[in-house]
Amino acid sequence: MAADERNGRLAALDVFVGEWIEQVEIPDAPPGRCTFEWDLKGTVLVQRALSPLPEFPDGLMVIAPTPEGYLQHYFDSRGVVRLYRMTLEDRTWTLLRTEPDFTPLEFSQRYVGTISEDGNRIEGSWETSYDDGDSWEVDFQLTYTRVESQPTG
């Protein structure tokens, strides 16, 4: 990997590196945990999410740059495998799935989160669309709060 790519688009992902508390905004929901860490000599960012709620799966996500932005490869404890197009611009983190991949596309999905100025909180929501993205409905809100940061890769 060219040093300028590591110093550019990959370095922008350093904002995620560390341990986070994940809070789903449903009544009495206990918080989950999430970590982001560099792997493969700093060429991919790996996210691991553990949920205390049985209705929310544990997940393993791998984020890598593409010519258009980033791609998140999603795996979860239900056996679901999906691909999300990802952008990170002006403290806005967006994940978007609008095409069939390893799982049939019954609805489109997106997560839009805003990263706080100090980088220690991400407030956002998962949304669904049943009309090819013409209109979106909030599925659930999901907030990340940083526990600690880790060295960058």
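The values are calculated or read from the model by the stated rules, or taken from the named source; none is laboratory data. Computed from a predicted structure; not experimentally measured. Positions of Cβ are backbone-derived with ideal geometry, glycine not excepted, and every protein chain shown enters the neighbour counts. In case anyone asks, the SASA skips ligands and DNA or RNA and just uses the protein heavy atoms, side chains included. Shrake-Rupley method; radii C 1.70, N 1.55, O 1.52, S 1.80 Å.
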So for region 82-100 (the condition being open to solvent by less than 20 Å² (accessible area, probe 1.4 Å), under 16 Å from residue 140 (Cβ atoms) and over 15 Å from the mean Cα position of the chain (by Cα)), does at least one residue qualify? no
Across region 124-143, which residue is nearest to the chain's Cα centre (by Cα) among those that are open to solvent by less than 40 Å² (accessible area, probe 1.4 Å) and over 23 Å from residue 91 (Cβ atoms)? 128
Consider only pairs whose beta carbons are under 8 Å apart and that are at least six residues apart or on different chains; among these, list those whose first residue lies in region 117-140 and is closer than 24 Å to residue 20 by Cβ and among the basic types (Lys, Arg) and whose second residue is modelled with pLDDT of 95 or more and open to solvent by 30 Å² or more (accessible area, probe 1.4 Å). 121/145; 121/146
Filter region 65-81 down to the residues that are part of a strand (DSSP E or B) and either more than 19 Å from residue 34 (Cβ to Cβ) or open to solvent by 30 Å² or more (accessible area, probe 1.4 Å) (or both) and list them by number. 65, 66, 69, 71, 73, 74, 75, 81
Given the residues 103, 114, 66, 87, which is the only one that is under 22 Å from residue 26 (Cα atoms), of a type outside the set (D, E, K, R) and out of contact with any helix residue (DSSP H, G or I) (no Cβ under 9 Å at 6 or more places or on another chain)? 114
Consider region 33-50. How many of its residues are surrounded by 14 or more Cβ atoms within 10 Å (Cβ to Cβ) and among the acidic types (Asp, Glu)? 1
Any residue that is under 22 Å from residue 38 (Cα atoms), hydrophobic (A, V, I, L, M, F, W, C), surrounded by 17 or more Cβ atoms within 10 Å (Cβ to Cβ) and modelled with pLDDT of 95 or more - is there at least one of those in region 113-123? yes
Region 102-112 - residue that is more than 15 Å from the chain's Cα centre (by Cα) and in contact (Cβ under 8 Å) with a residue 12 or more places away in the chain and, of those, surrounded by the fewest Cβ atoms within 10 Å (Cβ to Cβ): 102
Can you say whether residue 68 is closer than 24 Å to residue 8 by Cα and touching a residue at least 60 places away in the same chain (Cβ under 8 Å), as far as the supplied structure shows? no
I want to confirm something. Restricting to region 1-19 and keeping residues that are at pLDDT below 95 and in a loop (DSSP other than H, G, I, E, B), which single residue is least open to solvent (accessible area, probe 1.4 Å)? 2
Restricting to region 20-56, give me the number of residues that are polar (S, T, N, Q) and not in a loop (DSSP other than H, G, I, E, B). 3
